[in-house]
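A quick write-up on the structure given underneath.
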Amino acid sequence: MKRVIAILLIGILGFVSVALAQKTEVIFWEAMEAKLGTTLQTITDLFNKENPNIEVKLVFVGNGDQLDSKILAAAQAKTLPTIAQVYPAWAGSLVAQGVVTPVDSFADFSSAASQLYPSIINMSKINGRIYTLPFNQSIYVLYYRPLMLQQAGINPPKTMEDLANDAKLLTVVKNGKTVRYGLGFRTTYGVLTAVARQFGGGKYITSEGSLIINSPENVQALTFLVNLVKEGYAYAKFDYFDNELTTSSVAMLIGEGADLPFDLSDVAGQKDGLEMTPFPVGISNQTAPLFRGQTLVIFNTATPEQQAAAWKYIQFLITPAVQIYWAMNTNYSPLNKTVTTLDQWNLFAQSTAYNPSAIAEGLANGISYSENLPWWPSVIDNIRTAVENAVHLTMTPQQALDWAQQQSVLAQDKYLGK
Amino acid sequence: MHKRNKYIIGYLYLIPALVIFILFTYWPAIYSFYLSFFNTTTSTGHAIFVGLSNYVYLFKTGQLPYPFFTAFEYSFVRFIFAFVISITLFSWIEVKGKHLLKNMIPLILIPILAISLIYPSLSFWGGDIYIVLLWVLFGILTFYTVRKMDFLKSHTTLFLLSILGFYIVAYYIGNRNIDLYTLFFKIAQNNSFIMSIWNTFYFVIIDVPITIGISLAAGLLMKNLPFFKVFFRTAFFAPYVASIVAVSLLWLWLFNYHYGIFNFILSWFGISPINWLNSASLTMPTVAILSIWEYFGYYGLIFLSGLQNIDQEYYEAAEIEGANSFQKFMYITWPLLSPITFFVMVVSLINAFQVFTQVYVLYNQMPGPYANSGLTMVFYIYNTFYNEQQMGLASAAAYILLGIIMVLTLIQFRTTEKRVEYNI
Amino acid sequence: MKRQKKKIVYFFYYVAAVILAIFAIGPIVWMVDTSFKTNSEVLSYPPSWGTINALPSRTLTADIIKTRAGQSSNPSALSLEALLGSLSTTQTTTLASPDTIAIHILGASGYRGTGTMPRRGTLIVSLIDDTGNPASYPTNFSTSDFNKVVNEISSISPLSNDVEQSISNLSQYTSSSQAYILNFYDDFLYGSNPIFSRINFISNLLNLVGNPFQDQLTSFKKGIGPLTDVELKAISQILGNALDLTTNPSTKMKISEYLNDIKLYLDFNQFYEGQKRTKIDQPIELAFIPKSNQLKIVKAPSIVQSAYTSGDQIYITFKNTSFVWFLNDNVSVKANYNFWEVLTNFFDNYVSAWNSAPFGIYYFNSIFVALATTILNIIFDVMMAFAFSKLTFPGRDKIFIAIIATMMIPYQVLIVANYLIIHSFGWINSYYALIIPWSATSFVIFLMRQSFNSIPNDLYDAAKIDGASSWRFLWTIAVPLSMPVIITGALLTFLGSWNSFLWVLIMTDTANMRTLPVGLQNFIINSGAIFNQLMAAATFTMIPVVIAFLFLQKYFVSGFFRSGIK
């Protein structure tokens, strides 16, 4: 009897260990903060439950920059994970280093791709191949305080001209001191690009691959922003605007869809709230939405089994159910085409400040805010500095962008080894 | 044989720590130096030997708004102006009104120089010949006056400060657009590395003297207070034990424009809120306030230990002579404390040059609110390393930082060597 | 006289010392103070010292949610599994029943969108009307009156397109008066695109009339919320005047359409307001049930059936009474706490900060790494310092200078090269990477060497003659004699390791290897700019070292003293 039990035990142990050994481990380095992290964890837990032979492990590395530096060091030391979440520019750099498996090399890529908006697929083209899949993408929108607009008797602006006029109407000056600015915006690369898109610019690289940061359209867009600041109708700074919103010292704010559950949450919970409207259209009278976000890469340093498992996981992430859950909990844009047709989506959109039309427009014809080029981080840096210099009036918009152009060309040349 | 054994024992004692220094300090230092001659971000992904071009790239100035020589001319005239006025002033003090005529030569020159400053476009001030002329005049003058001036010799620092002061005056009354100082800024605007050098020096110049002043005061207080010594000691030292992340977080809250306690306290005095964290001109002072707060207690303790090392007999003797507190400080404490002061200066200078984490946490991981106003050298290195992946360039920058720290430390050693009192 | 003078001097010393002490610990005190506050107190100006978290009761600002759209069926509140379930059955989620009133606790939101209303204690909810009296509801609502008014308003014509559409839609609800009323007010006032929204309605009118009526109407555009009854009456007056002056028949037609719209609404509203009502004479008292969304009804008027909570909203369900009767009312909410609940409130920020990141692990790691680093440092540094001080061998002073020179190298400069080295040892994400590279510190070696220098060489020679080895002399005589310096060195290395940031960030991958500063930094990123929890986290990362210093500080001072830096 004892022997039988012993044999049984050994058998069970053996079985268990074989079962354990068969589990493919997928390491996912991510920088999903707070609610993003818990949401992703919930999704991943479900995936692990549904796929007993795969174990996806989430490793929270810090914010995006910290993750990037980790990946850099890991790429040097050949200790890369299976999947990582990276900024597009970094994807380009990793591709150049030859450590990325293109997602279009997986068997059922085309069926996965057909579920997504073409704008999303186009975003991740590098040298004609699809290397990565965008995941957390959000669209530039305009936020406004509804009560302030009501008090001024205006509707949310629809065009850039309206935006300028409304900013003027919403500005409050008391005793020669501005107590409320009509518009707030962050002096970032993304904001300038979003505005420049409405002026027909916002694309910094020509089809031949040369840089045009100081194109007339871009200068026009920067001048538009700078004039608002000069006239005292807009307040610009690099930092987030959460305190300006809680103290009601700005009435409108250029932001991203995904800001809502984060920096803007304090105000979103207030009585006079915060609402979202599509980005005002520019001269062309057509919306030119801009995505900002990160993309998922699968590294070829992982074993083929791990890569296959990682691909399975990514496919799971873009299913409609996961996408709607992700979008509702994080306010990132749903990338799967079916999501906006679901009843649940419409119900959700009605019950929050989240404006579904703003998101739908973006999904249809948005582009990525960044090029997939290894030296793009310095371009982002240069353009940010140019915006800062222009907004703080140390340079004219033309000078500032000329400077950014010159600096970026230097960085490009350095990379290309000129 | 015996001797060799003794040597070996000596080396054996060194081994554990030495291995660690070699592995984690010297070897990485050599490796980084090696890297500084390579371009690591290239399209092929392979590092290419580029010689000194990383170092050259760091100092690339781009298009200058006007030639360097023009800026030099303007600055030179301003310098002479400041120099002449200072000499005049000092000679006045020296002779106390007597033999005025002999020392009046500079006074005659002043109006000419002043006019040339205010109206730099005047015809007589256009060609380089005047510079040579001024050089000659200035040489004669210096020779005549300085030779006999004991007062000047004993107050060199004051004299240098006076020149600086009059230079600033000249700068403000003249054409401010053209000056070496202005040119430097124009260059810094185009070159973020030069900007980072400027910011770091700016930080060091604010941070180090104030830190030393406050920590010396703290040390003296801790020494002289009859009661509650332990309380004050703990209070002063408390900031130092907190991690810089927690501290920066705390000051982010104190400096908050809308809800911060600082702006609230300022409002008691009728001062309108200061946008501490969103102003380029306040970036370095803000970081300096934080650093001073964090470190003054630590240096204060070092001063305290130095003060305790001073023999009480000196003070007792001085008291018998009827010296007051100030005199005791000036003639006993300060000279006898000079080795400690020197030590604190060196350590705080090295520390100050490494400023990084404060900016990183205060400004949301950015180099200041805008215009790279918080870009310090370590931040530049960090940024080139991690955000731009340019390891070669970053290593080159790191070596320049290292060079600056070494040169300054050496200068400190040289200049203070003679003056530090070793007779404790 | 002299004593008098001395007193004055001491007085100034103390003034200076107190100012410096305020400068030094004022920020820390403010940090601790902030760490006990609520979100709304943190975001208030001027700042105050106290916190309502210490009080047994507080008033919460609250608002009745006026529309039904998507309420409580907001799918974002669903779990992933529930969402998958609802997607597969293709059944649309139903709206919350119309007999449930939703109350939004304002100002409770924060910490990145999660409600932070303390889920404990009892809530006292009072519904009040515009005049401040208790809210009321009709007890015997007359269906015949209702049918009469519905017939009346249905006969009004001509109407503008919007209103006509709305009335024809509403006709499906005639069997349920409460659904009719609810949808009526949704359409006219509170819905997502109400008919009497200021801007749209007035803009329509402005297209019809000329001056001076345009100017008179424009002022109505500005204002919060939909047009009020009084405003609507004023507008209809102006429109009436305009109608008299208009000659264009199509414009005349349009204006009269709008006049009828207003009349229709006012008629209906008069009927609604005119109902005989019963007051809710006592407040509704609700208690939180731990780990449950249900609220216990402690004391309530008979019409209250049940209550539950979700996020920062409270839902109260009535018996046979629609929330529609409270549409125009306001709400005031007061919360009461017992002693334990006050205590829990008081430390709420600490508990939530501690729970929102694995601070337990960070704590253990910090302590373990710092202690290990310190112990290794003492051994290695003492050995090296002793060799530099008391032993003779070729190149001794050169090596010493080489070691001291490392103080000048910012370690950030070497970090990537170090990463590669540590990786080649296979130490990434291990305690080795955090401990070994820091187990020798040049500054401590320098201090210890100074201290050993002050031990007379004669003592060492005497010991040698007695037959003691240098090793034995070091540990039995030199080290005990230099204890303060060693404690100082230990404290400095402990602090260095405890506070190390960039290194830990780069050398570790996972939370289980990270220490407090990196954990804190991650927490900052995670929680955004809500400072009360950040300050709580900062406070509990500081405490152990502050306590350690309190005990060791006298050694610390004499340590520097003994090292005799000169």
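Tally up the residues in the range B:393-424 that are more than 22 Å from the chain's Cα centre (by Cα) and either modelled with pLDDT under 85 or surrounded by fewer than 21 Cβ atoms within 10 Å (Cβ to Cβ) (or both), please.
4
Can you find, within the range B:14-35, the residue that is nearest to the other protein chains (Cβ to nearest Cβ) among those that are open to solvent by 10 Å² or more (accessible area, probe 1.4 Å) and more than 15 Å from C:Ser442 (Cβ to Cβ)?
Applying the filter and picking the extreme gives B:Tyr31.
Is there any pair with a first residue in the range C:312-339 that is within 26 Å of C:Pro56 (Cβ to Cβ) and a second that is open to solvent by 10 Å² or more (accessible area, probe 1.4 Å) and basic (Lys, Arg) whose Cβ atoms are under 6 Å apart and which are 6 or more apart or on different chains, and what are they?
C:Ala335/C:Arg58
Taking into account only those residues within the range A:284-341 that are of a type in the set (Ser, Thr, Tyr) and part of a helix (DSSP H, G or I), which is nearest to A:Asn51 (Cα to Cα)?
Residues of the range A:284-341 that are of a type in the set (Ser, Thr, Tyr), as a first pass: A:284, A:287, A:295, A:301, A:303, A:313, A:319, A:325, A:330, A:332-333, A:338, A:340-341.
Going one step further and asking which of them are part of a helix (DSSP H, G or I), we end up with A:313, A:325, A:330, A:340-341.
Values: A:Tyr313: 9, A:Tyr325: 19, A:Thr330: 25, A:Thr340: 27, A:Thr341: 28 Å.
Among them, the one singled out is A:Tyr313.
Based on what the data block shows, is B:Leu282 surrounded by 18 or more Cβ atoms within 10 Å (Cβ to Cβ), assigned to a helix (DSSP H, G or I) and facing another protein chain (nearest Cβ under 9 Å)?
Values: surrounded by 18 or more Cβ atoms within 10 Å (Cβ to Cβ): yes; assigned to a helix (DSSP H, G or I): yes; facing another protein chain (nearest Cβ under 9 Å): no.
Here the answer is no, as B:Leu282 does not meet what is asked.
What do you reckon, is B:Tyr259 part of a helix (DSSP H, G or I) and either at the interface with another protein chain (Cβ under 7 Å from one of its Cβ atoms) or closer than 24 Å to C:Trp503 by Cβ (or both)?
On the way: part of a helix (DSSP H, G or I): no; either at the interface with another protein chain (Cβ under 7 Å from one of its Cβ atoms) or closer than 24 Å to C:Trp503 by Cβ (or both): yes.
In short, no.
Of the residues C:Leu243, C:Leu266, which single one is open to solvent by 30 Å² or more (accessible area, probe 1.4 Å), assigned by TED's automatic domain parsing to the domain that holds C:Glu152 and in contact with a helix residue (DSSP H, G or I) (Cβ under 6 Å, 6 or more places away or on another chain)? If you could, list the steps in order and put the result at the bottom.
Working: C:Leu266 fails: in contact with a helix residue (DSSP H, G or I) (Cβ under 6 Å, 6 or more places away or on another chain).
Testing whether each residue is open to solvent by 30 Å² or more (accessible area, probe 1.4 Å), assigned by TED's automatic domain parsing to the domain that holds C:Glu152 and in contact with a helix residue (DSSP H, G or I) (Cβ under 6 Å, 6 or more places away or on another chain) leaves just C:Leu243.
So B:Asn309 passes all but one of these: (1) touching a Phe, Trp or Tyr at 6+ places or on another chain (Cβ under 8 Å); (2) more than 10 Å from every other protein chain (Cβ to nearest Cβ). Which condition number does it fail?
In the conditions (1) touching a Phe, Trp or Tyr at 6+ places or on another chain (Cβ under 8 Å); (2) more than 10 Å from every other protein chain (Cβ to nearest Cβ), B:Asn309 misses (2) alone.
Please state which one of C:Ile199, C:Ile181, C:Ile224, C:Ile195 is at pLDDT 85 or above, hydrophobic (A, V, I, L, M, F, W, C) and in the same structural domain as C:Asn169 (by TED's automatic domain parsing). Reasoning before the result, please.
Working: C:Ile199 fails: at pLDDT 85 or above; C:Ile181 fails: at pLDDT 85 or above; C:Ile224 fails: at pLDDT 85 or above.
After applying the criteria, what remains is C:Ile195.
Looking at (1) in a loop (DSSP other than H, G, I, E, B); (2) at pLDDT 80 or above, which one does B:Tyr315 not meet, given that it meets all the others?
Only one criterion is unmet by B:Tyr315, namely (1).
Can you tell me which condition C:Ser332 does not meet? The list is (1) within 30 Å of C:Asp129 (Cα to Cα); (2) buried (at least 19 other Cβ atoms within 10 Å of the Cβ), and all the others hold.
(2)
What residue, of C:Ser97, C:Ser126, is closer than 30 Å to C:Phe271 by Cβ, of a type in the set (S, T, N, Q) and modelled with pLDDT of 80 or more?
Values: C:Ser97 fails: modelled with pLDDT of 80 or more.
C:Ser126 is the lone residue from the list that is closer than 30 Å to C:Phe271 by Cβ, of a type in the set (S, T, N, Q) and modelled with pLDDT of 80 or more.
With the condition kept exactly as written, say whether any residue in the range B:2-19 is modelled with pLDDT of 80 or more, among the small types (Gly, Ala, Ser) and over 30 Å from B:Val378 (Cβ atoms).
Within the range B:2-19 (the criterion being modelled with pLDDT of 80 or more, among the small types (Gly, Ala, Ser) and over 30 Å from B:Val378 (Cβ atoms)), the answer is yes, since at least one residue qualifies.
Tell me whether the range B:340-350 contains one or more residues that are out of contact with any Pro (no Cβ under 9 Å at 6 or more places or on another chain), β-branched (Val, Ile, Thr) and away from chain C (no Cβ under 12 Å).
No: the range B:340-350 contains no residue that is out of contact with any Pro (no Cβ under 9 Å at 6 or more places or on another chain), β-branched (Val, Ile, Thr) and away from chain C (no Cβ under 12 Å).
From A:Thr132, A:Thr171, grab the single residue that is open to solvent by less than 10 Å² (accessible area, probe 1.4 Å) and modelled with pLDDT of 85 or more.
On the way: A:Thr171 fails: open to solvent by less than 10 Å² (accessible area, probe 1.4 Å).
Unique residue meeting the criteria: A:Thr132.
Out of B:Leu307, B:Leu225, I need the residue that is open to solvent by less than 10 Å² (accessible area, probe 1.4 Å) and over 26 Å from the mean Cα position of the chain (by Cα). Which one?
Result of the check over B:Leu307, B:Leu225: B:Leu225.
Yes/no per residue for (1) in contact (Cβ under 8 Å) with a residue 40 or more places away in the chain; (2) of a type in the set (Lys, Arg); (3) within 30 Å of C:Gly489 (Cα to Cα):
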| position | (1), (2), (3) |
| --- | --- |
| B:Ser279 | yes, no, no |
| B:Phe296 | yes, no, yes |
| B:Tyr299 | yes, no, yes |
| B:Phe303 | yes, no, yes |
| B:Leu307 | yes, no, yes |
| B:Glu313 | no, no, no |
| B:Ile320 | no, no, no |
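Residues that are open to solvent by 10 Å² or more (accessible area, probe 1.4 Å), small (Gly, Ala, Ser) and more than 9 Å from chain B (Cβ to nearest Cβ): does the range C:537-560 have at least one?
No; the residues of the range C:537-560 include none that is open to solvent by 10 Å² or more (accessible area, probe 1.4 Å), small (Gly, Ala, Ser) and more than 9 Å from chain B (Cβ to nearest Cβ).
Within the bounds of the range C:292-310, is there any residue that is surrounded by fewer than 16 Cβ atoms within 10 Å (Cβ to Cβ) and either within 30 Å of C:Glu152 (Cβ to Cβ) or touching a helix residue (DSSP H, G or I) at 6+ places or on another chain (Cβ under 8 Å) (or both)?
Scanning the range C:292-310, I find at least one residue that is surrounded by fewer than 16 Cβ atoms within 10 Å (Cβ to Cβ) and either within 30 Å of C:Glu152 (Cβ to Cβ) or touching a helix residue (DSSP H, G or I) at 6+ places or on another chain (Cβ under 8 Å) (or both), so the answer is yes.
Restricting the search to the range B:310-337, which residues are surrounded by fewer than 18 Cβ atoms within 10 Å (Cβ to Cβ) and within 24 Å of B:Tyr240 (Cα to Cα)?
Result: no residue meets the conditions.
Being more than 12 Å from chain C (Cβ to nearest Cβ) and within 27 Å of B:Phe329 (Cα to Cα): is that true of B:Pro226 here?
Details: more than 12 Å from chain C (Cβ to nearest Cβ): no; within 27 Å of B:Phe329 (Cα to Cα): yes.
So B:Pro226 fails the test.
Taking B:Thr70 as the residue in question, decide whether it is β-branched (Val, Ile, Thr), touching a Leu at 6+ places or on another chain (Cβ under 9 Å) and surrounded by fewer than 18 Cβ atoms within 10 Å (Cβ to Cβ). Steps first, answer last, please.
Values: β-branched (Val, Ile, Thr): yes; touching a Leu at 6+ places or on another chain (Cβ under 9 Å): yes; surrounded by fewer than 18 Cβ atoms within 10 Å (Cβ to Cβ): yes.
It is true that B:Thr70 is β-branched (Val, Ile, Thr), touching a Leu at 6+ places or on another chain (Cβ under 9 Å) and surrounded by fewer than 18 Cβ atoms within 10 Å (Cβ to Cβ).
Could you name every one of the helices (runs of 4 or more DSSP H) located completely within the range A:179-270 that has at least 3 residues being modelled with pLDDT of 90 or more and over 23 Å from the mean Cα position of the chain (by Cα)? Spell out how you get there, then give the answer.
Working: elements: A:189-198, A:216-230, A:242-246, A:265-268.
It comes to A:216-230.
Touching a residue at least 40 places away in the same chain (Cβ under 8 Å) and under 42 Å from the mean Cα position of the chain (by Cα): does that describe C:Asn269? Talk me through it step by step, then tell me what you get.
Details: touching a residue at least 40 places away in the same chain (Cβ under 8 Å): yes; under 42 Å from the mean Cα position of the chain (by Cα): yes.
Judged against the criteria, C:Asn269 is a match.
Within the range C:369-412, can you find the residues that are without any contact (Cβ under 8 Å) to a residue 40 or more places away in the chain, open to solvent by 10 Å² or more (accessible area, probe 1.4 Å) and hydrophobic (A, V, I, L, M, F, W, C)? Walk me through it before giving the result.
First pass over the range C:369-412, keeping only residues without any contact (Cβ under 8 Å) to a residue 40 or more places away in the chain: C:375, C:379, C:387, C:392-399, C:401-402, C:405-410.
Pick out the ones that are also open to solvent by 10 Å² or more (accessible area, probe 1.4 Å) and you get C:375, C:379, C:392-399, C:401-402, C:405-409.
Within the range C:369-412, C:Ile375, C:Ile379, C:Phe393, C:Ile399, C:Ile401, C:Ala402, C:Ala405, C:Met407, C:Met408, C:Ile409 meet the criteria.
Among the residues of the range A:135-168, which ones are farther than 16 Å from A:Leu274 by Cβ, hydrophobic (A, V, I, L, M, F, W, C) and open to solvent by less than 20 Å² (accessible area, probe 1.4 Å)?
A:Phe135, A:Ile139, A:Met160, A:Leu163, A:Ala167
The values are calculated or read from the model by the stated rules, or taken from the named source; none is laboratory data. Note that this is a predicted model, so its numbers are computed, not measured. Note that each Cβ is placed from the backbone with ideal geometry, even for glycine, and that neighbours are counted across all protein chains shown. Protein only, heavy atoms only, side chains kept; ligands, DNA and RNA dropped before computing areas. Shrake-Rupley method; radii C 1.70, N 1.55, O 1.52, S 1.80 Å.
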